[in-house]
Structures are given as structure tokens and as C-alpha cells.
There are 2 protein chains.
Amino acid sequence: MILVNGVANAMIQPSDRGLSYGDGVFRTLLLRDALNGNWRRQYAKLASDCARLRIACPDATLFEQDFAQLGSDAGVIKLIVTRGAGQRGYMPPELTSPTRIVSAAPLPVYPPQCARDGVAVRVCGLRLSRQPMLAGIKHLNRLENVLARSEWQDPDIMEGLLLDDTDHVIGGTMTNLFAVRGNVLHTPDLSNSGIAGVTRERIMGYAANLGLAVSVGQLTLNDLYASDEVMLCNSIIGIWQIRELERKKWLNGRYTALLRTLLETIDD
Amino acid sequence: MILVNGVANAMIQPSDRGLSYGDGVFRTLLLRDALNGNWRRQYAKLASDCARLRIACPDATLFEQDFAQLGSDAGVIKLIVTRGAGQRGYMPPELTSPTRIVSAAPLPVYPPQCARDGVAVRVCGLRLSRQPMLAGIKHLNRLENVLARSEWQDPDIMEGLLLDDTDHVIGGTMTNLFAVRGNVLHTPDLSNSGIAGVTRERIMGYAANLGLAVSVGQLTLNDLYASDEVMLCNSIIGIWQIRELERKKWLNGRYTALLRTLLETIDD
């Protein structure tokens with residue numbers, strides 16, 4: 001089911017700036033997270049992304065009414081907020097009425113061994129550009145992700161890592177990345193590229209519970225190879241350890257399972 | 001009037017990848033150019049942009065049927081081709097049916113002195129990112145242009161110049177740029193940022209007629225200040241000389257008017 005401004009199975013105006021320019025933001029979350037404490041975090045990020053683009057974010061209650069309409073059979077919810085319909089031209093109209101799109105999809109089925117044994121991952125050829133004005137925002141300009149995800153078809157490769165044009169690791173095409181080395185949980189600095197996801201934020205908050213210090217900074221592939229445990233996360237998969245990256249393999253570490261337990265049990 | 005896959009006033013599916021990811025390309029042209037030799041050039045660029053994103057470009061005849069439906073009162077035509085509707089996820093479906101959107105708008109009214117006396121232009125604060133995989137393509141990921149165009153409201157400033165993050169001039173928010181110095185027509189290299197427009201291509205082709213050599217390369221603001229004549233172009237405005245850029249002013253040069261005459265009389 002898809003709701004457009006609360007109306008079931010409605011369509012989008014061809015003049016919507018979300019279509020013309022990718023002028024909007026989005027979020028993807030599990031339906032169960034839309035009904036618990038995690039929703040506050042998701043909405044806060046949506047509102048913050050809207051604010052960075054000066055799009056008026058619809059009230060949380062409007063989304064909550066949409067969720068109630070979706071019913072409980074949906075597994076994954078995607079929210080899109082665009083700046084709304086507009087005239088020709090890049091200049092945003094002074095007053096726009098944002099478009100709110102809420103759609104439901106079944107839970108994607110991943111092989112159980114992804115969570116249990118970790119996943120095989122490749123390094124994408126595409127290098128992410130750096131744009132501090134847009135970095136971190138989950139906006140609708142996602143051609144880099146589309147091109148990167150088009151690079152491989154092998155169903156055994158679950159994710160591709162994206163480096164920026166200075167060869168620093170930013171994350172996966174659809175995931176954020178963490179690497180444990182000693183007692184430090186490293187994660188890439190996202191001030192120039194990438195999307196700062198809600199699950200990344202949660203994991204950073206849980207590190208202290210596990211006796212890990214958090215370091216946000218620049219990471220190279222060699223830094224990953226030298227790490228004890230490297231993980232990928234997002235709101236749908238939760239967390240997966242990287243088992244294999246190019247020629248490097250890792251045994252099961254201890255932190256991925258601990259973090260998964262925290263993600264699944266703490267209601268924030 | 002808006003045609004979606006040839007159907008008047010139809011709407012867009014919320015699952016269209018043009019909306020989800022900006023996964024598509026577009027063109028803007030004068031209706032009169034859709035009825036003359038310039039259309040071949042516009043279509044060739046549309047098809048080439050589609051090919052770079054591996055989107056199946058609809059046949060030219062489909063657009064031509066759309067143009068006939070628009071009638072002759074339209075001034076400006078915008079074409080959008082998206083990869084079509086898709087499931088969740090960045091991976092492009094193997095088979096998609098592209099979405100073709102053709103919309104008509106009145107001719108924008110610019111003060112006649114823009115063409116006659118030139119325009120005042122500012123330098124945008126936003127720096128363009130560099131992405132060789134997308135540079136040159138008129139794709140739907142245009143948040144940089146939206147943010148740049150949001151930087152000023154002054155109606156006397158007709159355009160903002162965009163520099164990349166190495167401070168090289170790429171063009172305007174909606175225009176390509178040329179600078180004449182001596183007998184050389186300089187234009188920015190667009191292999192890392194910017195959109196390579198059809199009017200730019202035409203002007204490069206006309207340079208020899210005017211005794212100018214063409215140089216495509218890196219240009220700084222100082223290179224512009226040291227130029228005899230600096231111009232902006234696109235398919236809608238044709239060509240405007242820059243009269244004023246920050247504190248620098250230029251008198252009317254000879255090449256802008258000559259190039260405008262060529263653009264308006266040569267049917268290609």
C-alpha cells in the first residue's frame with residue numbers, strides 16, 4: 001500500500017520537485033520500529049534532514065496516522081518527503097506544500113547465515129563525490145548508490161563498500177560501517193559523503209556498554225583489513241559482520257552479536 | 001499540459017525511480033527547436049545521457065507525437081525520462097519500462113536588456129562536487145543546483161556561477177559558460193562536474209566561423225576577470241554576456257551578439 005499525503009494509492013504530480021530534482025528526503029524502517037521508541041529517532045532524523053534542505057517537515061502525527069492505515073502486515077515502511085510541486089526552475093518556491101509518501105513493502109528475506117556467519121562484501125569501483133552541503137542527509141539524489149549497486153549481480157555478495165575520491169571508506173551502498181580494533185569502535189566520518197543512519201547513531205550510543213570507545217574519522221581499506229571485526233548496519237538488516245572482503249576473511253567476532261542483541265532489545 | 005507516456009494530465013507512480021533516486025535524465029528546450037533541426041541534437045544528447053545510466057531511451061518518434069499533442073502555444077518544453085517504476089532497493093531491475101514525461105510551459109519572460117546589455121552575475125558559495133561517472137549528464141540529481149539557486153533572491157542577479165571544490169569555474173546554476181580572450185574561446189572542462197548542454201555544443205561548433213579557436217580546460221575566476229568577454233548560454237535564454245561579476249564590469253563585446261545571431265539563424 002502507498003499513501004500520498006494520507007490518501008491510499010494516490011499518484012504523484014509530474015511537477016513534483018522530488019521527481020524533477022530529487023528535491024526531498026526519505027527514510028526506511030521496520031514497521032515494528034514505527035510503533036516503538038525508535039520512531040522518535042527516525043522522525044528526528046527526517047526532520048533534521050528536511051531542515052538542512054529547508055523543506056517543511058510534516059508533523060509526526062501525520063505519519064503516525066499513515067502507519068495506522070498501513071495495517072500490521074507490512075514489514076518495511078518507506079517515508080518520502082519532497083518539497084512538493086513546483087514551477088520550472090531550480091529556485092525553490094517561497095511557499096510549497098511538501099509531498100508526504102508512506103509506502104509499505106514485505107520484509108526482505110535475507111539468508112539466515114547473513115546474521116549468523118557474516119556476509120561477503122566487495123569494494124565498488126565508483127568513488128563517492130564529496131559535498132559537505134549534502135553529506136549525511138538521506139536525500140533523493142541517489143544516482144551514485146544506483147550506479148554502485150549496479151556493479152555486481154552475484155547474489156552471494158551482499159553489499160559493496162563505497163570509498164570517496166580520496167580512497168577513504170564511507171560505508172556500503174545501503175549500510176553504515178563499523179570496525180573494531182582493540183577497544184575502539186571506528187566508524188567513517190560522514191561530513192563530506194555518505195548517509196548518517198539512525199542505526200549507526202544507536203550503535204555509537206551502545207559502544208560504551210560494551211567497553212568500546214567510539215572514534216569517528218578517516219578509514220582506509222587497510223584499516224579495515226587490520227581490524228578485528230568489521231560490521232555493516234541499517235534499520236532493515238540490523239547488523240551483519242563482514243566475513244569476507246576481497247581476499248581478507250574474518251572469523252566470527254564477539255561484538256556483532258552483542259550489538260545485534262542491543263539493537264533488538266533496547267527500545268530507542 | 002503534461003503528458004506521461006503520451007497520456008495527457010496523467011500522474012506518476014510513487015514507486016517511480018525518478019522520484020525515489022533521481023534515476024533519470026531531462027532536457028529543456030524551446031518548442032520551436034522541437035520542430036526544427038535542433039531536435040536531432042537534443043534527442044542525441046537525451047539518448048546519450050540515458051545510455052550512460054543504462055536507461056532505455058524511448059524512440060524519438062514517441063516524443064514527436066507528444067510535441068504534436070502539445071499544440072503551438074507552449075513556449076518551453078521539458079522532457080524527463082526515468083528508469084520507470086521499481087521495487088525497493090538501489091539495484092536497477094533488469095527490465096524496466098521507462099517513464100516519459102513531456103510538459104509544456106509558457107516562455108519565461110526575461111528583461112530585454114539581458115540580451116542587449118548583458119547580465120549581472122554572482123559567485124555561489126556552494127562548491128560543486130566532482131563525480132566523473134555523472135558529470136556532463138543532465139540527470140535528475142540536482143540538489144546542488146537547487147541549493148545554489150537558493151543562495152540569492154535579488155531579481156537583478158540573473159545567474160550564479162558555480163565553482164568546483166578545487167575553485168575551478170564549471171558554469172552557472174542553469175547555464176554553460178564561455179570566455180573569450182584574444183582569439184580563443186574558453187569553456188570549462190566538464191568531465192568531473194556540470195552539465196554539457198546542447199547550446200554549448202552548438203557554440204563550440206560555431207567558433208571557427210568567428211575566427212576563434214576553442215579551448216576546453218580549467219578556468220579560475222581570475223581567468224574570467226582577465227577575459228575580454230564572458231558569456232552564459234542555454235537552450236532557453238540563448239546567450240547572455242556577463243556585464244558584471246562581483247566587482248568586475250565588462251563593456252559590450254562583439255562575440256555575444258554574433259553568437260546569438262548564429263544560434264537564432266542556423267537550424268541545427
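Pick out, in residue order, every one of the trypsin sites (Lys or Arg not before Pro) in the stretch B:170-252 that is DSSP loop and has at most 15 other C-beta atoms within 10 Å; say none if there are none.
Loop-located and lightly packed - B:Arg247.
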> What FRET efficiency comes out for the pair A:Thr220/A:Leu107, r = Cβ-Cβ distance, R0 = 30 Å, nearest 0.05?
Replying inline: 0.30
> Which value results for Rg/Rh of the protein assembly as shown when Rg is the Cα radius of gyration and Rh the Kirkwood radius based on the inverse mean 1/r?
Replying inline: 1.00
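Based on the Cβ-Cβ distance from A:Gln87 to A:Arg32, what FRET efficiency comes out when R0 is 45 Å, to the nearest 0.05?
So, using R0 = 45 Å, E works out to roughly 0.65.
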>> Only four residue types carry charge here, +1 at the Cβ of Lys and Arg and -1 at the Cβ of Asp and Glu. Report the dipole size of the stretch A:112-265 about the Cα centre in Debye, rounded to the nearest 20.
In response: 240
>> Quick check on the stretch B:1-89: take the gyration tensor over C-alpha atoms, sort the square-rooted eigenvalues as a ≥ b ≥ c, and tell me if it's rounded (a/c under 1.5), prolate or oblate.
In response: oblate
> How big is the Rg/Rh ratio for chain A, C-alpha atoms only, Rh by Kirkwood, two decimals?
Replying inline: 0.97
>> Can you list the copy-to-copy distances for A:Val214, using a point 7 angstrom from Cα toward Cβ, in nanometres, shortest first?
In response: 5.2
>> Looking only at Cβ-Cβ distances, which cysteines of chain B have no other cysteine closer than 4.7 Å?
In response: B:Cys114, B:Cys124, B:Cys233
> Does anyone have the angle between helix A:38-52 and the longest principal axis of chain A? Alpha-carbon axes, 0 to 90°, nearest 10?
Replying inline: 70
> Counting DSSP beta bridges in chain B, what percent are antiparallel, to the nearest 5?
Replying inline: 70
> What does the charge dipole of the protein assembly as shown about its Cα centre add up to, to the nearest 20 debye, if the Cβ of each Lys and Arg holds +1 and the Cβ of each Asp and Glu holds -1?
Replying inline: 0
>> Can you compute the label reach from A:Asp117? Point 7 Å from Cα along the Cβ direction, backbone N cut-off under 13 Å, restricted to the stretch A:235-257.
In response: A:243-244, A:250-252
> Between B:Ala8 and B:Leu210, what is the spin-label point distance in nm, taking each point 7 Å from the Cα along the Cα→C-beta axis?
Replying inline: 4.2
> Taking the simple approach of a point 7 Å from Cα along Cα-to-Cβ for both B:Asp268 and B:Met133, what is their distance in nm?
Replying inline: 3.4
>> In the stretch A:22-62, whose amide N lies under 19 Å from the spot 7 Å out along Cα-to-Cβ of A:Ala68? List them in ranges.
In response: A:31-40, A:43, A:58-62
> If you put a point 7 Å past Cα along the Cβ direction, how far is that point for B:Ala257 from the same point in each other copy, in nm, smallest first?
Replying inline: 8.2
>> If I fit a long axis through the Cα atoms of helix A:60-70 and take the longest principal axis of the Cα atoms of chain A, what angle between them do I get, 0 to 90°, rounded to 10?
In response: 90
> Per-residue HN-Hα couplings for the stretch B:253-268, Karplus 6.51 cos²θ - 1.76 cosθ + 1.60 at θ = phi - 60°, whole Hz, x for Gly and Pro?
Replying inline: x, 9, 7, 4, 5, 5, 5, 4, 4, 5, 4, 7, 10, 7, 9, 9
> For the pair B:Asp228 and A:Ser48, how long in nm is the line joining their label points, each one 7 Å along Cα→Cβ?
Replying inline: 5.5
> What lysines could a cross-link reach from B:Lys78, if we take a straight Cα to Cα line under 30 Å and drop same-chain neighbours fewer than 8 places away?
Replying inline: A:Lys78, A:Lys138, B:Lys45, B:Lys138
> Rounded to the nearest 5, what % of the DSSP beta bridges within the protein assembly as shown are antiparallel ones?
Replying inline: 70
>> Given an 8 Å cut-off on Cα distances and at least 6 residues of separation, report the relative contact order of chain A as a percent.
In response: 19
> Using the count of nearby Cβ atoms within 10 Å as a rough guide to exposure, how do B:Arg122, B:Arg254 rank from fewest to most?
Replying inline: B:Arg254, B:Arg122
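Values in this text are rule-based calculations from the coordinates and carry no lab data. This is a predicted model, so every value here is computed, not measured. Don't worry about glycine lacking a Cβ; one is built from the backbone with ideal geometry, like all the others, and counts go over all protein chains shown.
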